[in-house]
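Asker: This structure is in structure tokens; I'll ask about it shortly.
Coordinate-derived values only; no laboratory data. Model, not experiment: these values are computed from the prediction. Cβ coordinates were reconstructed from backbone atoms using ideal geometry, including for glycine residues, and neighbour counts include every protein chain displayed.
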Amino acid sequence: MKVRQLSIFMENRAGRLAEIMQSLGDAGINIRALSLADTSDFGILRLIVSQVDKALEVLRKAGHTVSLTDVVAVEVPDHPGGLASVLTPLREAGVNVEYMYAFVEKATDKAVVIFRFEETEAALKVLAGARISVLPAETVYKL
Amino acid sequence: MIPSAIWDPEFECMHVDALRELQLERLRKVVRRAWGHVPYYRQKMQVVGVTPSDIKTLEDIRKLPFTTKDDLRLCYPYEAFAVPLEKVVRIHASSGTTGKSTVVGYTRKDMEVWTNVVARFLVAGGLTSKDIVHIAFSYGLFTGGFGLHYGAERVGASVIPVSAGRSERQIQIMRDFGSTALVCTPSYAVYLGELVQGMGLKPGDLKLRVGFFGAEAWSNRVREEIQAKLGLFATDNYGLSEIIGPGVAGECVHQNGMHISEDHFYPERIDPDTCEPVGPDRRGELVLTTLTKEAIPLIRYRTRDICMLMPGTCPCGRTGARMSKITGRSDDMLIIRGANIYPSQVEEVLLDVKGTLPHYQLVVSREGALDRLEVRVEVSEEFFADEMKKLNELDRQIEHKLENVLGIRASVKLVEPRTIERSEGKAKRVLDLRPKE
């Protein structure tokens with residue numbers, strides 16, 4: 001159920017993001033989801049891609065600092081209060097969210113939210129108990 | 001700790017008062033000799049208006065001018081010699097990587113002193129006549145190979161002059177010949193250790209017992225690594241060709257500071273900026289005077305090496321002052337907001353954070369009237385975290401430790417790998433952007 005996400009250390013410099021995207025594009029790697037967290041000096045680029053291991057190799061070869069992080073992809077009902085219905089059981093169980101970002105699934109127009117939890121296993125249990133649909137990793141890589 | 005003996009107890013354990021008396025007597029003699037036989041020195045002394053008769057106490061040494069590597073270069077090749085060449089039995093030269101090389105000569109008596117002071121630190125670090133000494137220093141103009149060679153022979157050990165290079169063959173010789181003592185630079189010892197592990201050798205395959213590493217500055221962390229990888233007891237030794245080569249100072253088995261052979265080399269420590277003496281517990285540049293050298297007497301030679309002197313007497317019984325490991329070069333010293341800063345201090349802090357040293361660079365700039373120090377740190381995978389708060393915490397942690405160690409505030413900037421400029425594989429440690437006055 002866990003999705004492998006790439007995290008890349010990035011300085012805030014013009015053209016940096018474009019360079020990374022170009023080297024992934026040249027290697028035939030598709031980006032499924034992306035988020036960028038930043039301060040004035042540096043940022044962390046987080047990516048879900050079609051071929052994780054290949055992307056890792058390409059990025060390391062290009063000299064980037066990269067790490068793999070387990071995240072969870074949750075399908076969120078596309079109506080008002082949809083995200084709240086996911087977050088409420090988590091809050092009640094005392095599970096902390098480190099960060100999250102969302103994108104829209106092309107086929108179904110449903111929203112998918114990527115979560116990084118402090119404790120991934122505990123979070124998965126809570127989600128299962130609340131009958132919230134967690135997307136299998138393979139599905140996410142192919143989205 | 002391992003058992004060890006004392007090679008030259010009469011001088012190594014001399015009572016401090018007697019030692020000071022001997023030093024003064026020898027100092028006056030060497031100053032007279034320099035005045036009488038080296039025109040270059042006499043001129044330098046005349047410029048500051050001092051003559052040999054002004055030296056009445058050891059403190060009077062401060063009246064004498066310093067000697068620098070530049071002085072020796074001006075004397076290239078033989079101008080600094082105080083004896084005719086027929087009295088010289090050996091000539092060495094330092095590498096000329098930063099300019100013209102400096103040439104040094106030894107009389108027969110100088111060779112005797114040199115051999116003896118090397119024997120002192122070898123025995124202090126546990127060498128005995130039963131050892132098989134593997135010397136992986138290069139033999140040639142560099143003083144390391146020959147210096148250690150003659151010293152180890154004097155102790156009575158079996159010496160293998162392997163010289164540098166061809167690392168796999170080095171290990172084969174160690175294994176086949178049963179080498180028990182290793183002599184090389186600490187960085188080469190680390191490399192050999194890795195190679196030994198890579199070759200799948202078991203701890204019992206090598207008989208190494210003791211190691212004597214010098215010619216480079218190294219940390220205690222490196223010592224632990226070498227000891228663990230090669231299964232030996234490692235000591236540090238210090239020397240420079242201008243003074244005599246290896247043998248100026250060396251650690252005993254207490255591994256706590258290098259005993260200076262003070263009966264031959266008189267140590268002073270100065271603030272490299274003001275040239276005033278500094279207290280023993282503060283970092284300062286080591287200044288050495290050769291008390292017995294015949295061929296090239298050197299007076300107040302500025303080594304550019306930064307060290308501290310260790311307080312207290314050593315349990316081993318030796319009375320010579322102990323110097324700490326070299327923690328930097330005065331050429332590298334920066335004065336920022338009045339504080340003396342060495343890149344090695346920053347290095348210690350960074351090494352402390354994750355146990356591994358990232359590439360870093362000190363960038364000094366001026367904003368208005370104030371100097372600003374920024375420390376750029378390349379974020380390798382060891383330092384990287386996927387969470388912003390952890391990276392921010394790392395940033396703050398380094399800044400906090402830097403302020404504690406340096407005494408001034410420095411800002412830390414985390415940068416991407418390979419963004420710090422490197423020349424010949426070495427990172428450029430300091431970028432001083434302040435306008436030159």
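Asker: Near B:Val83, within a Cβ-to-Cβ distance under 12 Å, what is the net charge of the other residues, with Lys and Arg +1 and Asp and Glu -1? Present the calculation step by step, with values, prior to reporting the outcome.
Answerer: Details: positive: B:Arg33, B:Lys87, B:Arg108, B:Lys109, B:Lys293; negative: B:Glu86, B:Asp110, B:Glu294.
Around B:Val83, the charge tally is +2.
Asker: While we're looking at this one, here's another question. With just the Cα atoms of chain B, tell me how far they stretch along each of the three principal axes, in Å, largest first.
Answerer: Principal-axis extents of chain B (Cα, largest first): 69, 61, 40 Å.
Asker: Quick check on the stretch A:70-142: what does the Kirkwood estimate of hydrodynamic radius come out to from the alpha carbon pairs, in Å?
Answerer: Final number for the Kirkwood radius of the stretch A:70-142 is 12.4 Å.
Asker: Kirkwood hydrodynamic radius, the stretch B:268-334, all distinct C-alpha pairs: what's the number in Å?
Answerer: Mean inverse Cα-Cα distance, inverted, gives 12.9 Å.
Asker: Continuing with the same structure: Name the residues whose placed amide hydrogens come within less than 5 Å of the amide hydrogen of B:Phe265, ignoring near sequence neighbours (fewer than 5 apart) on the same chain.
Answerer: Amide H neighbours of B:Phe265, under 5 Å, 5+ apart: B:Leu291.
Asker: Within the stretch B:1-56, list the trypsin sites (Lys or Arg not before Pro) lying in a DSSP loop whose Cβ has at most 16 other Cβ atoms in a 10 Å radius.
Answerer: Working: sites: B:Arg20, B:Arg26, B:Arg28, B:Lys29, B:Arg32, B:Arg33, B:Arg42, B:Lys44, B:Lys56; in loops: B:Lys56.
Listed in order of number, the matching sites are B:Lys56.
Asker: Suppose every Lys and Arg Cβ carries +1 and every Asp and Glu Cβ carries -1, with no other charges. What dipole size does the stretch B:92-236 come out with about its Cα centre, to the nearest 20 debye?
Answerer: Details: 15 positive and 12 negative charges, 32 e Å.
For this selection, approximately 160 debye.
Asker: Let me check against my output: what whole-number percent is the relative contact order of chain B, with C-alpha pairs under 8 Å and at least 6 apart?
Answerer: 13 percent
Asker: Also: Nearest 5 percent is fine: what portion of the DSSP beta bridges confined to chain A is antiparallel? Walk me through the numbers before you get to the answer.
Answerer: Working: 33 of 33 bridges.
Bridges in chain A are about 100 percent antiparallel.
Asker: About the Cα centre of chain B, how large is the charge dipole given +1 on each Lys and Arg Cβ and -1 on each Asp and Glu Cβ? Please answer in debye to the nearest 20.
Answerer: 800 debye
Asker: Mind scanning B:Lys29/B:Lys63; A:Lys2/B:Lys354; B:Lys29/B:Lys56; B:Lys69/B:Lys436 and naming the pairs with a C-alpha gap bigger than 19 Å?
Answerer: The answer is A:Lys2/B:Lys354; B:Lys69/B:Lys436.
Asker: Using the Kirkwood formula on the Cα atoms of the stretch B:306-376, what hydrodynamic radius do you get, in angstrom to one decimal? Before the final figure, lay out the partial values.
Answerer: Numbers: mean 1/r = 0.0681 Å⁻¹.
Taking the inverse mean of 1/r over all distinct Cα pairs, the stretch B:306-376 comes out at 14.7 Å.
Asker: Among B:Ala215, B:Gly204, B:Gln170, whose Cα sits farthest toward the positive end of the charge dipole of the stretch B:149-251 (+1 at Cβ of Lys/Arg, -1 at Cβ of Asp/Glu, about the Cα centre)?
Answerer: About the Cα centre, the residue reaching furthest to the positive side is B:Gly204.
Asker: Compute the separation of the alpha-carbon centres of the stretch B:74-129 and the stretch A:1-67 and state it in Å as a whole number.
Answerer: 57 Å
Asker: Against the longest principal axis of chain A, how steep is helix A:120-129, in degrees 0 to 90 to the nearest 10, with axes from Cα atoms?
Answerer: The helix A:120-129 is inclined about 40 degrees to chain A.
Asker: Hey, what's the per residue convex hull volume over the C-alpha atoms of the stretch B:15-109, in cubic angstrom?
Answerer: For the stretch B:15-109, the hull spanned by Cα atoms encloses 126 Å³ per residue.
Asker: GNM, chain B, Cα, under 10 Å: largest mean-square fluctuation among B:Glu79, B:Glu294, B:Glu421?
Answerer: Its mean-square fluctuation being the largest, the pick is B:Glu421.
Asker: Step through the residues of the stretch B:188-198 one at a time and calculate ³J(HN,Hα) from phi using the Karplus curve (6.51 cos²θ - 1.76 cosθ + 1.60, θ = phi - 60°), rounding each to whole Hz and writing x for Gly and Pro.
Answerer: Those phi angles translate into 5, 4, 4, 4, 4, x, 5, 5, 4, 5, x Hz.
Asker: From the phi angles alone, apply the Karplus equation (6.51, -1.76, 1.60; θ = phi - 60°) to the stretch B:7-22 and give each ³J(HN,Hα) in whole Hz, x where the residue is Gly or Pro.
Answerer: 6, 10, x, 4, 9, 5, 10, 4, 4, 4, 5, 5, 5, 4, 5, 4
Asker: For the residue pair B:Cys275 and A:Asp70, what label-to-label distance in nm results when each label sits 7 Å from Cα along the Cα-to-beta-carbon direction?
Answerer: So the two model labels end up 6.6 nm from each other.
Asker: Using the Cα centre of the protein assembly as shown as the reference point, and only Cβ charges (+1 on K/R, -1 on D/E), how large is the resulting charge dipole? Debye, rounded to the nearest 20.
Answerer: That gives a dipole near 1160 debye.
Asker: May I ask you to derive the relative contact order of the stretch A:2-69, considering only C-alpha pairs under 8 Å and at least 6 residues apart, and to give it as an integer percent? Present the calculation step by step, with values, prior to reporting the outcome.
Answerer: Values: 102 pairs, mean separation 31.7, N = 68.
For the stretch A:2-69, the relative contact order is 47 percent.
Asker: Output needed for the stretch B:78-148: three equivalent-ellipsoid semi-axes, defined as square roots of 5 times the C-alpha gyration tensor eigenvalues, in descending order, whole Å.
Answerer: They are 26, 17, 9 Å, listed from largest to smallest.
Asker: How far apart, in nm, are two points set 7 Å out from the Cα along the Cα-to-Cβ line at A:Lys61 and at B:Lys130?
Answerer: It is 5.6 nm.
Asker: Picking from B:Thr185, B:Thr313, B:Thr327, which is most flexible by a Gaussian network model of chain B using Cα springs under 10 Å?
Answerer: B:Thr313
Asker: Taking θ as phi - 60°, what are the ³J(HN,Hα) couplings along the stretch B:144-160 by the Karplus curve (6.51, -1.76, 1.60), each to the nearest whole Hz, with x for Gly and Pro?
Answerer: x, x, 5, x, 5, 4, 5, x, 5, 4, 4, 5, x, 6, 8, 9, 10
Asker: Same structure, new question: Sequence-distant or interchain residues sharing an amide H contact under 5 Å with B:Lys207, placed H: which?
Answerer: Amide H neighbours of B:Lys207, under 5 Å, 5+ apart: B:Ser179.
Asker: Here's something else I'd like to know. Give me the base-10 log of I(q)/I(0) for the protein assembly as shown at each q in 0.09, 0.10, 0.12 Å⁻¹, Debye formula, one uniform scatterer per Cα, rounded to two decimals.
Answerer: -0.83, -0.95, -1.18
Asker: Return the calculated 222 nm mean residue ellipticity for chain B, to the nearest 500 deg cm²/dmol, obtained by summing -39500 (n - 2.57) across DSSP H runs with n ≥ 4 and dividing by the residue count.
Answerer: -10000 deg cm²/dmol
Asker: Within chain A, what is the longest stretch that has no trypsin sites (Lys or Arg not before Pro) placed in a DSSP loop and near at most 11 other beta-carbon atoms within 10 Å?
Answerer: Formally, the longest exposed-site-free interval is A:1-105.
Asker: Relative contact order (percent) for the stretch B:288-401, with alpha-carbon contacts under 8 angstrom and 6 or more residues of separation?
Answerer: For the stretch B:288-401, the relative contact order is 14 percent.
Asker: Next up: Mind jotting down a quarter of the surface of the convex hull over the alpha carbons of the stretch B:334-432, in square nanometres, one decimal?
Answerer: 6.4 nm²
Asker: Here is a follow-up. May I ask you to compute the full-extension gain from B:Leu431 to B:Arg73, defined as 0.36 nm times their residue separation minus their alpha-carbon distance, rounded to one decimal in nm?
Answerer: Extra length available between B:Leu431 and B:Arg73 comes to 126.1 nm.
Asker: Based on the Kirkwood radius over alpha-carbon pairs, what is the Stokes-Einstein translational diffusion coefficient of the stretch B:195-353 at 20 °C with 1.002 mPa s viscosity, in µm²/s? Before the final figure, lay out each step's value.
Answerer: Working: Rh = 17.2 Å.
The estimated diffusion coefficient comes to 125 µm²/s.
Asker: What spacing in nm lies between the two simple spin-label points modelled at A:Thr88 and B:Asp331, each 7 Å away from Cα in the Cβ direction?
Answerer: Going from the A:Thr88 label point to the B:Asp331 one covers 7.1 nm.
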